[in-house]
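Below is one structure, written out as structure tokens, with a few remarks after it.
The values are calculated or read from the model by the stated rules, or taken from the named source; none is laboratory data. Please read these numbers as outputs of a predicted model, since none were measured by experiment. Cβ placement follows ideal geometry from the backbone for every residue including glycine, while neighbour counts extend to all protein chains displayed.
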Amino acid sequence: MPIQSEDVLKIAHLARLAVSDEQVKSYASDLSNIMNLVEQMNEVDTSGVEPMAHPLDQSQRLRADEVTEKNQRELLQENALDTEDGLFLVPKVID
Amino acid sequence: MYNKSLRQLSDSLQKKELSSVELSQYFLARIKRLDSSLNSVITLNEEAALKAAEQADKQLQKGLGGVLTGIPLLHKDIFCTQGLRTSSGSKMLDNFIAPYTATTVQQLQQAGAVMLGKTNMDEFAMGSSNETSFYGGVKNPWDLQRVPGGSSGGSAAAVAARLAPLASGTDTGGSIRQPAAFCGITGIKPTYGRVSRYGMIAFASSLDQAGAMAKSSEDAAIMLQAMSGFDPKDSTSVDRPVDDLLQNIGRSLKGVRIGLPKEFFTDGLDSHVCEKVTEAIDALKSAGAIVKEISLPNINLSVPAYYVVAPAECSANLSRFDGVRFGYRSDEPKDLEDFYKRSRGEGFGDEVKRRIMMGAYVLSAGYYDAYYKKAQQVRRLIQQDFVKAFEEVDIIASATAPSVAFKAGEKTDDPVSMYLSDIFTIGVNLAGLPGMSVPCGFVDQMPVGLQLIGNYFDESRLLNVGHQYQQMTNWHDMIPTGFGQE
């Protein structure tokens, strides 16, 4: 199924990606080609096949509900562009 | 010295003929002298490396060191290293200094290995040629016009040029094996869950697996041994004892059953590459292996299924990059939406954006069953084909890649043709099996890789077959022109 420019804009919005007008067309064409590849899956009948989410069919391991991490707020905020009193600062975006 | 095996280097260190500081300085000097033509290393760790080497020397002085004590290595820049930038090859993380160290890096540190630096890679490990890196492409040391493969292309090129004896890699769809093949080195991706993913920047969590890249199977076995094991910090880590990977490495190949999937020996495979792989299989046969044709009937659907599963997982994993807490942030946003969209739009490169959009599309309302669920069902069929095949054989063999390394720029405008260069490796990730690539000859002066696929947790047999093959051949000892002087 070919992907149109409107589709690209919709997906880019869902994924919160800014895409320039010039790029929209080339993304539409690339994504259409990839979808053509993907649609080869329809060659095989998969009715009744259980979907496989994990290569070893394991479920998420549970751990005891105990505190194991210590508070490292300062260390973890070292990569932040701007902080104040342990809070992340962002530019003003609401008037 | 650059072409010595890990055991030889380790022996020299243990006997104190050589110190770890000298060895580390030697490889640091090689990187500085030779890497300008390759671009395989993004960040050097010189000062800290020499400190670590001093520590290793103290251990060695006391006679306490193990086989990796004092051995220099490089880490793919996808592994978090506390205090040293971890970029994942992306502008998004160009300023990111991880507050903690990945478990597998820590394991190697504890074994005494010395980290010389971080290697270049496709952005967020998305690519098969290393051309998507924010830091520029890596050159193949066998021909600087050609790509080293990807995404662990920096690690592969560095080991091939003997800039370090070992390098770590990660493999989501072939990212250890394909560059290992293109650069003429040995690379192994173990069973999913064998090596911790903690601190390894996530691309597609149900497929990502770290592994070892080295000159030979024996070196790779030593490195992988140190990396393997259960990690409570990784919820998909497998809690089961690790085999001794060296114990059986010298075992004869007599009676080992090797399957050749007929679907991997078709028109899609370059005929000259096919010849080299066939010669390698003949060598295994002459050493006593039993070779038979097998079939993986659904394997031709592995690339299509992968390009649903991997982008879907990537779009979820990469949603954490929002410009708020760390990473790239755009200037002067108009509003909150603009802030997110431009931070992500400017911080990610084209291929990453393509895959995020692809993932968002296949997961969006109305398409989930047609694409995501379908791909997971196809994934099951592919896995079942492998399970069935391993009832009859111990190892599956094929070419690692359909051709030798291609020229830089050759596939950058056509994502689908780039994706198809992983056609022989992707099924292994979907099934979660261990796979490796060993050099098996040259076509047009470019290395060819033999792919060996093992049953779940059968890494020791893979390494055994790789090692026995390397006892009979010397492809793994060859060095690209221009990198062969001390």
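Are any residues in the stretch B:347-375 acidic (Asp, Glu) and either within 23 Å of the chain's Cα centre (by Cα) or at the interface with another protein chain (Cβ under 7 Å from one of its Cβ atoms) (or both), and if so, which ones? Working first, answer last.
Of all residues in the stretch B:347-375, those acidic (Asp, Glu) come to B:350-351, B:369.
Within the stretch B:347-375, B:350, B:351 meet the criteria.
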(request) Take the stretch B:320-338 and flag every residue that is facing chain A (nearest Cβ under 8 Å) and touching a Gly at 6+ places or on another chain (Cβ under 6 Å). (result) B:329
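Here's the yes/no breakdown for (1) over 30 Å from residue B:355 (Cβ atoms); (2) touching a Leu at 6+ places or on another chain (Cβ under 6 Å); (3) within 14 Å of chain A (Cβ to nearest Cβ); (4) modelled with pLDDT of 95 or more:
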site: B:180; (1), (2), (3), (4): no, no, no, yes
site: B:232; (1), (2), (3), (4): yes, no, yes, no
site: B:239; (1), (2), (3), (4): yes, no, yes, no
site: B:254; (1), (2), (3), (4): yes, no, no, yes
(request) Would you check if residue B:74 is under 24 Å from residue B:156 (Cα atoms), among the aliphatic types (A, V, I, L, M) and within 21 Å of the chain's Cα centre (by Cα)? (result) yes
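If only one of B:298, B:317 is in contact (Cβ under 8 Å) with a residue 12 or more places away in the chain, closer than 18 Å to residue B:173 by Cα and more than 7 Å from chain A (Cβ to nearest Cβ), which one is it?
Details: B:298 fails: more than 7 Å from chain A (Cβ to nearest Cβ).
The conditions single out B:317.
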(message) I'm told residue A:49 meets every condition in (1) surrounded by 15 or more Cβ atoms within 10 Å (Cβ to Cβ); (2) modelled with pLDDT under 95 except one. Can you identify the failing condition by its number?
(response) (2)
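Scan the stretch A:26-57 residue by residue and report those that are part of a loop (DSSP other than H, G, I, E, B) and facing chain B (nearest Cβ under 7 Å). So that I can check it myself, show each step before the final result.
Restricting attention to the stretch A:26-57, the residues satisfying the condition of being part of a loop (DSSP other than H, G, I, E, B) are A:44-57.
Listed by number, the residues that qualify are A:44, A:46, A:49, A:50, A:51, A:52, A:53, A:54, A:55, A:56.
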(request) Report yes if residue A:93 is in contact with a Leu (Cβ under 7 Å, 6 or more places away or on another chain), in a helix (DSSP H, G or I) and closer than 29 Å to residue B:337 by Cα, otherwise no. (result) no
(message) So the check is Cβ under 6 Å with 6+ separation or different chains; which pairs have a first residue in the stretch B:358-378 that's more than 26 Å from residue A:26 (Cβ to Cβ) and a second one that's in a helix (DSSP H, G or I)?
(response) B:374/A:41; B:378/A:41; B:378/B:301; B:378/B:305
(request) Under 9 Å between Cβ atoms, at least 6 apart or on separate chains: pull out the pairs that start in the stretch A:13-24 with a residue that is within 10 Å of residue B:345 (Cα to Cα) and at the interface with chain B (Cβ under 8 Å from one of its Cβ atoms) and end on any residue that is assigned to a loop (DSSP other than H, G, I, E, B) and among the aliphatic types (A, V, I, L, M). (result) none
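For the stretch A:83-92: of the residues being under 18 Å from residue B:335 (Cα atoms) and more than 7 Å from every other protein chain (Cβ to nearest Cβ), which is surrounded by the most Cβ atoms within 10 Å (Cβ to Cβ)?
That would be A:89.
Being within 24 Å of residue B:303 (Cα to Cα) and under 9 Å from the mean Cα position of the chain (by Cα), is that true of even one residue in the stretch B:161-170? Lay out the reasoning, then the answer.
The initial filter retains those residues of the stretch B:161-170 that are within 24 Å of residue B:303 (Cα to Cα), namely B:169-170.
Pick out the ones that are also under 9 Å from the mean Cα position of the chain (by Cα) and you get B:169-170.
Yes, the conditions are met somewhere in the stretch B:161-170.
For the stretch B:29-45, how many residues are in contact (Cβ under 8 Å) with a residue 24 or more places away in the chain and farther than 11 Å from residue B:74 by Cβ?
The number of residues fulfilling the criteria is 5.
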